[in-house]
Every structure is written in structure tokens, then in C-alpha cells.
Amino acid sequence: MAKEDPFGEFASRGANQDYYLSHAWVNIAIGILMRNIGRTEYVIKKNGQAATGGKVFDLFNEPNPFLNRFDLWKETAAWWFLEGEAFWYFGNDYSGGLPDSIFVLNPRRMTMQVANGSVVRWFYGSDGDVVPLLPDEIIHFRDWNPWNPWRGVTPLVSLRYELDQDTWANKSNTDLLKHNAIPQGILKTDQLIREEEADLIEARWERKYGASSKNRKIAVIGKGTEFKPLTFSPDVLKLFDLKRWNLYTILAKYGIPPRVANIQDVKSSLSGSDTESQHAAFWKYTLIPVLKNFEQIVESQFFRRFALAERGTFDFSAIPELQQSEDAQSQRDIEEITAGLKTVNDVLLERGKEPKVWGDTWYRPANVIPVNTKEL
């Protein structure tokens, strides 16, 4: 029996189902990730100092005539979160050496040729043509894939049932809304009516209050006829709980706290401190690890490949969500230094900075005096 390939099953579905297009919360989650990554500055440094010019600086400052330095990372991140991989291409005019341009390719159009356990050639499908690309012409951002060691895997692969459930729930809700023009109920009468009379009443009701008519019309019911409203069945009400569960599952998969997505739990108040902590956690545990991963990929596939003296890092110093957290940490450090629990050099070491010559000496506050317990 052939081994089941869950990735292949999802990929075959993906050919006909683009969840970024059809699923609102997938689109919203990736949009949140993109926008915030676009807020970060990618700094080119040489000998530890920020560069203000040079070929490498110019390349990342304007990757190509149609792409600015922020969109380069936004588009890279978008494909990463949607497909689990992204491709940079050095352009049709590239012939070796340090490239002059960077283009972000669509991973869905990429195929590969593998020989002797490595990719020897890539192929990019564009407008009916297939363009061969050498591995030296691209940079491949790839997340771990247990089914294919040469390609990334979409984060949505484990959510296909939740996404399908949401699609079916949306369809059911849409069907309910489409028929909402009809008063939800039944017409009852204690009189005996013939089949043709029942058809006549049904046709008259449909004509006046059916789906093609305007909502909220007043129904005039004849003598002896009773209108009995109908409520949603428990199965229909379960759809709303299911969609809420799937929403939190999608946000958790992408590492987005609910408050960052403007989701407020009805059981808790929207407190300022909780909102700030969730925004800070979003950066610390979701965005920064991803961006550090990007740094390492570019480090190995670009800077080291071309033996460059420059290096690239993301600068988070201008992110307000992190600054608030840093201010609180600084206050705690000051309090611990004052109490003698740390020295200045202890704090500098934790922050990865150079120690001070005088930083190992603890300076006791002048207004602190010893107290003998016997005097108490």
C-alpha cells in the first residue's frame, strides 16, 4: 500500500482552492503579518556601522524599479506565510557576480529538476512560457517540509479541515441570508383547503414576500390563517461556535494574539495593559523569530555567497510595542541595581553590550543605613 501523502492531498486541493482569496481570516492574518513586517527597517552594516551608500546598500534600498525596500520584505513574508517559501530572482540580465536587482517570484509557478540529491535547475512558468533558472540566480526562503526536502510547505496544510469547515459554514449562512426575505415560519389554518388552493396561497405568499421581494414587508393574513415563526435549529447555531473556534485556530497557527487582530473576548474587558502585552508578545514570539530567520537565510545565501563585508539586520528600535516593553525592563534593571542584585555590567552583558570599566562596582545609595534587628 502506498504511503499517504497529506501534503500532496492538500496541494491538489490548493490547485482549485486559494484560501487567501476565499477565506477572510487567512487573508486578514497574512495582511496583519505583512503590514507589521513592512514597518521594520532592514539596515545594511559594514564593520559594525550602518552603511549610507554602496552597491549593496543601493540594492536593498531599491531592489528593482517596481519594488521598494519595504515591499521587498512584505512580499517575501506574504509568500512565506501563505506557501511556506519565497523566491528572490536576480533578473533576466544577471550574468554572475553581485546582482543589480532582486525580484520576488510566485512560488506557485516554480518547479524543479533534482539530480544526485540536489536541485540542479528551477523552472518558472510565466504567461505560458517556462523559463529555466539556475540555483545561482535565486535565493530560496524555505520553511521545513517533511514531505519534500527541497520545497517549503504552506502553514495551512494542517488547517485544511478547519478551512473547509469554515467554507461550508459560510455557505450555509449565506443560504440562510439569501432566503431571509421570506418570513421564517409556516402558515397554518384550521380550515380544509384543496391542493390547488394551497398552491394559490403559496404562490401569492412567494410573490409578495419571497426572496425576490424586499425585506420587512407587512404580511396580511386572511381569516382563519395563523403565521408561526420558526427559529434556527441547534445545528445552525453550532456553526457560529465552530467558526469562532476555527478563527482562534487560524490566529494561533500564525502566532497572532486576538487583540492584535482586534478580537475581544466577550468574557474579558479590553484592558490597556493586556492589549499592550499581546502586541509586544506578537513581536517577540512571532515577528522577530521570523525576521531573524530571514536574516540568516540572506546571510548564508547572499552575503556569504558573494563574500561581502556587509551584513544586513532588522532594526526594531523604532517599534513602539517593543519600546514600551524595553522601558519596563529598564525600570526593573534600575531597581535591581539599586537593590544590589545586579551591577551595571550584569545588565550590559544581558543586553549584549560592551561592559564599562567601572561597571562591576556597586554604588550603595547614600541614604541607606544598616538596621540592627535587636533595635526593632
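When only residues in region 80-102 that are without any contact (Cβ under 8 Å) to a residue 60 or more places away in the chain and farther than 15 Å from Val298 by Cβ count, which is most open to solvent (accessible area, probe 1.4 Å)?
Residue satisfying both the conditions and the ranking: Asp93.
Being in contact with a Leu (Cβ under 7 Å, 6 or more places away or on another chain) and either surrounded by 17 or more Cβ atoms within 10 Å (Cβ to Cβ) or within 28 Å of Ala252 (Cβ to Cβ) (or both) narrows it down to one of Phe303, Phe314, Phe294, so name that one.
From the options Phe303, Phe314, Phe294, the qualifying one is Phe314.
Got a number for residues in region 282-291 being open to solvent by less than 30 Å² (accessible area, probe 1.4 Å) and touching a Ser or Thr at 6+ places or on another chain (Cβ under 9 Å)? Even if it seems obvious, please write down each step before you answer.
Step one: filter region 282-291 for residues open to solvent by less than 30 Å² (accessible area, probe 1.4 Å), giving 282-283, 286-287, 290-291.
Remaining after also requiring touching a Ser or Thr at 6+ places or on another chain (Cβ under 9 Å): 283, 287, 291.
So the answer is 3.
Take the residues of region 137-157 that are modelled with pLDDT under 95 and assigned to a helix (DSSP H, G or I): which is surrounded by the most Cβ atoms within 10 Å (Cβ to Cβ)?
By that ranking, first place goes to Leu156.
Can you name the condition, by its number, that Ile334 falls short on among (1) modelled with pLDDT of 95 or more; (2) among the hydrophobic types (A, V, I, L, M, F, W, C); (3) in a helix (DSSP H, G or I)?
So the condition that Ile334 fails would be (1).
Go through (1) within 30 Å of Leu322 (Cβ to Cβ); (2) surrounded by 14 or more Cβ atoms within 10 Å (Cβ to Cβ) and name the single condition Gly53 misses.
(2)
Please go through region 109-134 and pick out each residue that is surrounded by 13 or more Cβ atoms within 10 Å (Cβ to Cβ) and under 21 Å from Asn145 (Cα atoms).
Arg109, Met110, Met112, Val119, Arg121, Trp122, Phe123, Tyr124
The values are calculated or read from the model by the stated rules, or taken from the named source; none is laboratory data. Only a predicted model underlies this, so the values are computations on that prediction, with no experimental measurement involved. Using ideal geometry, Cβ is built from the backbone for each residue, glycine included, and neighbour counts are taken over all protein chains shown. For accessibility, only protein heavy atoms count, side chains too; no ligands or nucleic acids. Shrake-Rupley method; radii C 1.70, N 1.55, O 1.52, S 1.80 Å.
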